[in-house]
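Below: the structure, in structure tokens.
The values are calculated or read from the model by the stated rules, or taken from the named source; none is laboratory data. Model, not experiment: these values are computed from the prediction. No Cβ is skipped: glycine too gets one built from the backbone with ideal geometry, and neighbour counts run over all protein chains shown.
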Amino acid sequence: MRAVLDGEEIHGQILTPAMSGDVSVFYVSALAPELLGKRVLSADRRFNISAAPLEKRSWQAGPLVIRVEDQSKDTWQNVELSLPSLREALAMGLRLAVVSKWYHLRTIYCLATLLPEAAPFHAISWEPVYAGTLVTRASWPKIPDGRRRVLREYENMLAERAEAG
């Protein structure tokens, strides 16, 4: 995501992962995620939202830190490569948030396994779009691309847990 604070408004654009349609925008701090509002992304994945309360909240909850890791080949490697930054955030007293597709529990499992001292941490999910269709917790069995991905993720999680013992 790229975002600019302009006065009391945030102008944002989702760069990756590709999203479309309705989104929920959260303020994530050391205290807890807080919904700022819901927006519909434009065709180029842009949104605007009021940020009037953010400065006051940052004084109460501490800084919001966003780091991006783009060298990993899979979820495990993503967490491994992020460990120095994650440990730095924990040392600053910040709480971590995992952001992933609603069915991608592996993200949560990886963080809990590789950085158990991070607990408790927040998990924020979003609903992906495959072949132009929003894949939700209710609709995934009826959408071939969604069904395939959800079942594959479930099978991968079972295999990883079996390997771990």
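Can you tell me which residue in segment 101-118 is nearest to Met19 (Cα to Cα), limited to those that are surrounded by 17 or more Cβ atoms within 10 Å (Cβ to Cβ) and hydroxyl-bearing (Ser, Thr, Tyr)? This residue is Tyr103. Name the residues in segment 20-51 that are modelled with pLDDT under 70 and farther than 27 Å from Thr133 by Cβ, would you? The answer is Val28, Ser29, Ala30, Leu31, Ala32.
May I ask you to list the residues in segment 120-155 that are among the small types (Gly, Ala, Ser) and modelled with pLDDT of 90 or more?
Going residue by residue through segment 120-155, those that are among the small types (Gly, Ala, Ser) are 123, 125, 131-132, 138-139, 146.
Of everything in segment 120-155, those that are among the small types (Gly, Ala, Ser) and modelled with pLDDT of 90 or more turn out to be Ala138, Ser139, Gly146.
On the basis of being under 21 Å from Phe26 (Cα atoms) and either surrounded by fewer than 16 Cβ atoms within 10 Å (Cβ to Cβ) or without any contact (Cβ under 8 Å) to a residue 40 or more places away in the chain (or both), does Val79 make the cut? Taking the combined requirement at face value, the residue does not satisfy it. Residues that are free of Cβ contacts under 8 Å to residues at least 40 places away in the same chain, surrounded by 13 or more Cβ atoms within 10 Å (Cβ to Cβ) and touching a helix residue (DSSP H, G or I) at 6+ places or on another chain (Cβ under 6 Å) within segment 119-160 comprise Ala123, Tyr130, Val135, Trp140, Gly146, Arg147, listed in sequence order. Scanning segment 110-155 for residues that are hydroxyl-bearing (Ser, Thr, Tyr) and over 23 Å from Tyr27 (Cα atoms) yields Thr113, Tyr130, Thr133, Ser139, Tyr154. Based on this model, can you work out whether Thr113 counts as assigned by TED's automatic domain parsing to the domain that holds Val150, closer than 26 Å to Arg149 by Cβ, at pLDDT 85 or above and in contact with a strand residue (DSSP E or B) (Cβ under 7 Å, 6 or more places away or on another chain)? No.
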